[in-house]
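> Take a look at this one; I'll ask things after.
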C-alpha cells in the first residue's frame with residue numbers, strides 16, 4: 001500500500017511523541033500528575049512509566065483503529081467521498097493529543113501553567129475540525145452521528161449532520177471563552193457538547209418519523 005504524505009505526517013507525530021517521552025524520561029519525577037480537575041488543579045498521579053508511555057501507546061492504538069475501520073466499513077465507498085476531511089481530522093486529533101502530552105510532561109517538569117487555558121484553545125480547534133468532518137460526512141458505520149435513525153435513512157443522516165456541523169462550530173467558538181475564564185471551561189465546552197449530542201439524537205429520531213410517515 002502506498003503511503004500518502006498525510007499518512008507519513010501522522011506516523012511522524014506518533015514517533016515524535018515517543019521520542020519526546022524517551023528523551024525526557026531521565027529528568028521526569030517518579031510520581032507524575034496525569035489528571036487535572038476542572039479548575040486546573042492536579043488531582044491524579046501515576047508512576048513515571050505510566051505517565052510517559054500510556055498516552056503515546058493509547059494514541060497509537062486509536063490511530064491504528066481509525067486507519068483500519070474504513071477498510072472494513074460496509075459503506076466504505078461513502079467514506080472515500082469525504083476521505084480528505086477524515087484524514088485531516090485524524091491529523092488534527094494526533095496534533096491535539098501530542099499537545100496534551102507535551103503539556104503534561106512540561107507540567108511535571110515544573111512549567112505549571114493553567115492547563116484549562118491550554119485545553120480550551122485545543123478543544124476549540126479540535127471541535128472545529130469535527131464540525132468540518134460532520135459537514136461533509138456521508139453515511140457510514142465508522143464515524144459520525146450514528147443513531148438507529150441516521151443509519152436507516154440517508155436523508156436523516158444528511159439533515160442531522162448539517163445541523164450538528166453548525167452546532168459544533170458554534171461550540172468551538174464558545175470554547176475559546178475558556179482561555180479568558182479557565183475556571184468555567186466546563187460550562188463552555190463539556191456541558192454544550194453533552195446537551196447538543198443529546199439534542200441531535202432526539203432530532204434524528206424526529207426527522208426519521210417525519211421522513212417515514
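The values are calculated or read from the model by the stated rules, or taken from the named source; none is laboratory data. Computed from a predicted structure; not experimentally measured. All Cβ positions, even for glycine, are placed from backbone atoms using ideal geometry, and neighbour counts span all protein chains on display.
> Does residue 74 meet the test of being assigned to a loop (DSSP other than H, G, I, E, B) and surrounded by fewer than 17 Cβ atoms within 10 Å (Cβ to Cβ)?
On the way: assigned to a loop (DSSP other than H, G, I, E, B): yes; surrounded by fewer than 17 Cβ atoms within 10 Å (Cβ to Cβ): yes.
Considered against the rule, which asks whether it is assigned to a loop (DSSP other than H, G, I, E, B) and surrounded by fewer than 17 Cβ atoms within 10 Å (Cβ to Cβ), residue 74 comes out as yes.
Conditions (1) surrounded by 20 or more Cβ atoms within 10 Å (Cβ to Cβ); (2) at pLDDT 95 or above; (3) over 20 Å from residue 83 (Cα atoms); (4) out of contact with any helix residue (DSSP H, G or I) (no Cβ under 7 Å at 6 or more places or on another chain), marked per residue:
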{"residue": "158", "(1), (2), (3), (4)": "no, yes, no, yes"}
{"residue": "174", "(1), (2), (3), (4)": "no, no, yes, no"}
{"residue": "197", "(1), (2), (3), (4)": "no, no, yes, yes"}
{"residue": "208", "(1), (2), (3), (4)": "yes, yes, yes, no"}
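> Would you mind telling me which numbered condition in (1) surrounded by 15 or more Cβ atoms within 10 Å (Cβ to Cβ); (2) out of contact with any strand residue (DSSP E or B) (no Cβ under 7 Å at 6 or more places or on another chain) residue 115 fails?
That leaves (2) as the condition not met.
> A follow-up question, please. Mind telling me which of the residues 152, 204 ends up being surrounded by 15 or more Cβ atoms within 10 Å (Cβ to Cβ), modelled with pLDDT of 90 or more and touching a helix residue (DSSP H, G or I) at 6+ places or on another chain (Cβ under 8 Å)?
Sole residue among the options that is surrounded by 15 or more Cβ atoms within 10 Å (Cβ to Cβ), modelled with pLDDT of 90 or more and touching a helix residue (DSSP H, G or I) at 6+ places or on another chain (Cβ under 8 Å): 204.
> Moving on. Just to verify a result, which residue in region 37-71, among those that are in contact with a helix residue (DSSP H, G or I) (Cβ under 6 Å, 6 or more places away or on another chain) and closer than 20 Å to residue 111 by Cα, is surrounded by the fewest Cβ atoms within 10 Å (Cβ to Cβ)?
39
> Please work out if residue 22 is more than 18 Å from the chain's Cα centre (by Cα), part of a helix (DSSP H, G or I), loosely packed, with under 13 Cβ neighbours inside 10 Å and at pLDDT 95 or above.
Yes, satisfied.
> Here's another thing I want to ask about it. Among the residues in region 87-100, are any surrounded by 17 or more Cβ atoms within 10 Å (Cβ to Cβ) and closer than 14 Å to residue 141 by Cα?
So far as region 87-100 goes, no, none of its residues is surrounded by 17 or more Cβ atoms within 10 Å (Cβ to Cβ) and closer than 14 Å to residue 141 by Cα.
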